[in-house]
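Following: one structure in structure tokens, then a few remarks.
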Amino acid sequence: MAENQESRDCFQCLTRANTLFSSLNFEEVALLKSERLCLDFKPGEDLYHEGAETTGIFIIRNGNAKITKESSDGREQILRFTNEGDVLGYRAILSGEKYTSSATAMNNVSACLIPKEVLHSFIKKNQYIGMGFMRLLAEEVKNTNKQIIRISQKPVRERLAEAILLLKETYGYEKDFATINVTLSREEIACIAGTVRETATRMLYEFKSMDIIQLSGKKIAIKDINKLIILANLIE
């Protein structure tokens with residue numbers, strides 16, 4: 001992790017304009033500009049770690065991170081992936097707990113850290129900020145419920161196909177418009193699909209034999225997205 005010394009004007013920031021902090025008034029934006037930290041993270045570095053004391057919330061400016069929790073048997077469970085503009089770590093701040101998950105950079109990530117004292121000041125003085133966090137919490141609960149249903153009711157084959165589609169939506173394609181623009185281990189893919197590495201690996205090669213995907217090391221290319229959608233059982 002390194003602090004980015006590049007001058008970034010919060011008043012002109014397009015990322016801020018697309019988050020709940022767009023409702024800040026002039027004085028609040030000035031406070032944000034003076035107190036926030038602009039940080040750069042290399043792939044594999046933690047923005048914050050599960051169980052650590054909270055320092056503030058993180059807003060993703062560029063890059064992607066994975067949000068994970070450690071299961072009871074010590075395995076990493078991937079909860080979701082982040083995109084530009086996502087706000088991370090707010091639930092722990094609002095509840096007064098330690099961080100309840102970890103956020104790890106998947107590629108080069110630039111993020112703004114807003115200290116929790118500044119955040120508390122915004123919530124007290126700006127009702128729209130508080131309402132915005134209520135919406136974020138409600139959305140998180142809804143997505144968590146969907147994930148529970150997906151893992152408990154869908155067979156592994158459907159979950160794995162859906163996981164590949166999720167990666168495509170999150171990271172997009174490389175220049176060939178087929179290869180997903182992220183490098184993940186078989187263990188990480190298994191975590192996303194809620195299965196073990198051996199099962200995920202076997203089914204990936206099954207998808208390959210069906211001419212749905214192409215595998216090249218840790219890269220996955222989608223050859224037939226329509227078949228993948230059908231396999232994921234996402235068509236009503």
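Things worth noting here:
- Restricting the search to helices (runs of 4 or more DSSP H) fully inside the range 154-209 and requiring at least 2 residues that are loosely packed, with under 14 Cβ neighbours inside 10 Å and of a type outside the set (V, I, T) gives 197-209.
- Flag if I93 is assigned to a strand (DSSP E or B), among the aliphatic types (A, V, I, L, M) and closer than 21 Å to G132 by Cα: no
- Residues (out of contact with any strand residue (DSSP E or B) (no Cβ under 8 Å at 6 or more places or on another chain), among the charged types (D, E, K, R) and at pLDDT 90 or above) located in the range 66-116: R91, E97, K98
- All of (1) over 20 Å from F81 (Cβ atoms); (2) assigned to a helix (DSSP H, G or I) hold for T144 with one exception: (1).
- Tabulated pairs, the range 214-228, first under 14 Å from K175 (Cα atoms), second among the charged types (D, E, K, R), C-beta under 9 angstrom, 6+ apart or interchain: K219/E174; I220/K168; A221/E174; A221/D176; I222/K168
- Within the range 94-126, the set of residues being out of contact with any helix residue (DSSP H, G or I) (no Cβ under 9 Å at 6 or more places or on another chain) and at negative phi comprises S95, S102, A103, T104, A105, N108, V109, S110, A111, L113.
- Residue satisfying all of: in the range 105-133; touching an Asp or Glu at 6+ places or on another chain (Cβ under 9 Å) and either without any contact (Cβ under 8 Å) to a residue 12 or more places away in the chain or in a helix (DSSP H, G or I) (or both); surrounded by the most Cβ atoms within 10 Å (Cβ to Cβ) among these: F122
- Hits in the range 157-184 - residues which are more than 14 Å from L215 (Cα to Cα) and hydroxyl-bearing (S, T, Y): T170, Y171, Y173
- Annotation note: Cβ proximity below 9 Å between a residue of the range 25-45 that is more than 29 Å from F81 (Cβ to Cβ) and not assigned by TED's automatic domain parsing to the domain that holds L184 and a residue that is aromatic (F, W, Y) and surrounded by 14 or more Cβ atoms within 10 Å (Cβ to Cβ) (sequence gap 6+ or interchain) occurs for E28/F21; E28/F122; L31/F122.
- Number of residues in the range 50-65 that are crowded, with 23+ Cβ neighbours inside 10 Å and out of contact with any helix residue (DSSP H, G or I) (no Cβ under 7 Å at 6 or more places or on another chain): the value is 3.
- In the range 210-236, the qualifying residues are those that are modelled with pLDDT of 90 or more and charged (D, E, K, R), and the one that is surrounded by the fewest Cβ atoms within 10 Å (Cβ to Cβ) is D211.
The values are calculated or read from the model by the stated rules, or taken from the named source; none is laboratory data. Just so it is clear, the structure is predicted and the values come from calculations on it, not from any experiment. Methodologically, a virtual Cβ is constructed for each residue, glycine included, from the backbone with ideal geometry; neighbour enumeration extends over all protein chains shown.
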